[in-house]
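Just so it is clear, none of the values below were taken in a lab; they were calculated from the coordinates. Please read all numbers here as calculations on a predicted model, not as lab measurements. Because the Cβ atoms are built from the backbone with ideal geometry, glycine has one as well, and the counts that use them run over all protein chains shown.
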Amino acid sequence: MTQLEEMKFHRLMDRLASDPRCLRMKRYIQHGSVTTYEHAMRVSRMAYVVNLRMHAHADETKLLRCAFLHDYFLYDWHEKGHDDHALYHPVKAAENARRDFGISEQEMSIIASHMWPLPPLRIPMCREAWILTAADKVCSLEETLFRR
Ligand SMILES: [Fe+2]
Ligand SMILES: [Fe+2]
C-alpha cells in the first residue's frame with residue numbers, strides 16, 4: 001500500500017479495531033498461531049487492497065466493517081461442541097455484529113455469505129461480499145500453511 005492508502009485504511013479501521021468488544025477477538029486462535037483479531041485485521045487489509053487494485057469500487061466503509069467483523073463469533077472453535085462451526089459461524093458473527101454494532105441487513109448478509117460455497121445457497125450478493133469471501137480464503141490458507 002502507498003502511504004496515503006495506509007493512512008486511509010487506518011482512518012477507516014481505527015474505531016472498530018480499538019473497540020473493547022472487538023479486542024475480545026484477541027483471546028481466540030483462528031488458524032495456526034494467528035488470533036481471530038489478527039486474522040480479522042489481515043482479511044480487512046487484503047479486502048481493502050483487492051478493492052483498490054481491481055478497481056472494484058466497493059463501498060470501503062461497508063467492506064471494512066464486514067471484513068473486520070466477519071469472524072466476530074466470539075468463541076474458541078477448537079473446543080468441544082463446535083463441530084458445525086464452519087457452517088454456523090458466519091451467521092453467529094453476523095448476529096453478534098448486529099447486536100453490538102447495529103450493522104444493516106445487507107452487512108449481515110455480506111458476513112453470512114463469507115464461507116461460500118459453504119453452504120452453496122448462501123451466495124455472496126454484492127461486490128463487498130465477493131471481495132470478502134475471496135480475501136478470507138487467501139488469508140486463511142496462508143495462515144493455516146505458514147503461520148504456525
Ligand atoms: Fe470465517
Ligand atoms: Fe475468516
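Quick notes
- Report note on the peptides 123-133, 17-27: ranked by the mean count of other C-beta atoms within 10 Å, highest first, their order is 123-133, 17-27.
- Exposure proxy shown here: for R65, R99, the number of other Cβ atoms within 10 Å sets the order, fewest to most, as R99, R65.
- Computed over the chain: relative contact order in percent, which uses C-alpha pairs under 8 Å that are six or more apart: 26
- Packing here is the average count of other Cβ atoms within 10 Å per residue, and on that basis the peptides 82-91, 1-10, 42-51, highest first, run 42-51, 82-91, 1-10.
- Net charge of Cβ neighbours under 15 Å - reference F9; Lys, Arg +1; Asp, Glu -1: +3
- Modelled spin labels at T35 and K8, positioned 7 Å past Cα toward Cβ, are 2.9 nm from each other.
- Estimated dipole of the chain in Debye, rounded to 20 [Cβ of Lys and Arg +1, of Asp and Glu -1, Cα centre]: 180
- Whichever lysines have a C-alpha closer than 27 Å to that of K8, once near sequence neighbours (fewer than 8 apart) are set aside: K26, K62, K137
- Rg to Rh, two decimals, where the range 3-146 supplies the alpha carbon set and Rh follows Kirkwood: 0.93
- The residue among H10, A94, S33 whose Cα reaches farthest toward the positive pole of the charge dipole of the chain, with charges on the beta-carbon of Lys, Arg, Asp and Glu, is H10.
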